[in-house]
Amino acid sequence: MNTWRNASLAVTAAAVLALTTACGQDQGTETGLSVGAAKPADAGYGADSGYGSDTGAAAAAKPAGQLAVWDSKELGEVVTDSEGFTLYRFDKDTANPPKSNCEGDCATAWPVVAAGDAKAAPGTDPSLLGEVTRADGTKQLTIAGWPMYRYAEDTSPGDANGQGVGGTWFASAPDGKKAAPAGAAGSDVTAGDLPGLSVRKDPKLGDIVVDSKGMTVYRFKKDTAWPMSSACTGDCLEKWPVVAPVDKNDTEGIIEKGFVTFDRPDGIKQQSIDCWPIYTFSGDTKPGDTNGQGVGGTWFAVSPNAKLVGAPK
């Protein structure tokens, strides 16, 4: 009897372990921002020598790569780099003309983002991206003229510990303004009323998932969920941009099972539903469009439980 009971417990434990290992990924995690509260500062830079961190020599500027937009319930829409790290702006900089006033120790606490190979986040205006030449000759990424930085104390993708530091550092919204949730007092961000992901009733397709802009969300039949894998790479991503990570608390009507971030081999962070990677379609130009439905017999709108809507059996 004890042997049977121990074997049963072992099977149960193994099942639990399998369920908690997200979608076959070793490091897949549920999304969510770790938001830092405003910290005291001597000169508007943050704590520790007045800059927010005491990390030693300034690191070489690192390119941002493919930018993404993270829908955070706490902060609204936040721009991240290709690795999911929050990008910040500094109130003591200027956007017109673009100029950085963060040098020396400040640039150690707030590493500059190199312009390099930065690409606009899907669904955002590429013309807002630019660069400014710093005193040391480094080309720094700008969004709507505002120089972009990371924060040395953000150690994991999704961290936003620099938010409000010194009352002068804020996560950047896609338009270069300070990130803030819709309707927040004092916000200079215009955000939509929709959650990061929600459900819309389409007259032809029924209940389908849409993003915060009301754009239809799709799945690709060639992808897999266990283990999680995307067959859409390279030029495919130009037509089918990934859905950036969404805070689970910023969803409505979506299945919570397998709602995890997919760490793509190309370094881009992608949201999944029930472990299926999800996308939008560049051919959809306004909310309500479903021009991606059935494309190539492999792309279909997503139902609230992550099924392919209207796909042949």
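Arrange the peptides 270-283, 234-247 so that the one whose residues have, on average, the most other Cβ atoms within 10 Å appears first.
On the way: 270-283: 22.4, 234-247: 19.4.
Per-residue Cβ counts within 10 Å, averaged per peptide and sorted highest first, yield 270-283, 234-247.
By how many nm would the segment from Leu205 to Thr94 lengthen if fully extended, with 0.36 nm per residue of separation less the alpha-carbon distance?
Values: separation 111, 0.36 × 111 = 39.96 nm, distance 4.75 nm.
Difference between extended and current length: 35.2 nm.
What accessible area per residue comes out for the range 264-313, rounded to a whole number of Å², with a 1.4 Å probe? Don't jump to the answer; show the numbers that get you there.
Details: 2070 Å² over 50 residues.
Per-residue value: 41 Å².
Assuming R0 = 51 Å, can you tell me the calculated FRET efficiency for the pair Trp226 and Ala135, based on Cβ-Cβ distance, to the nearest 0.05?
Numbers: r = 51 Å, r/R0 = 1.01.
Rounded to the nearest 0.05, the efficiency is 0.50.
The values are calculated or read from the model by the stated rules, or taken from the named source; none is laboratory data. Keep in mind it's a predicted model, so treat the numbers as computed, not measured. Cβ atoms come from the backbone with ideal geometry, glycine included; neighbour counts cover every protein chain shown. When the accessible area is computed, the model is the full protein with side chains, heavy atoms only, and any ligands, DNA or RNA have been set aside. Shrake-Rupley method; radii C 1.70, N 1.55, O 1.52, S 1.80 Å.
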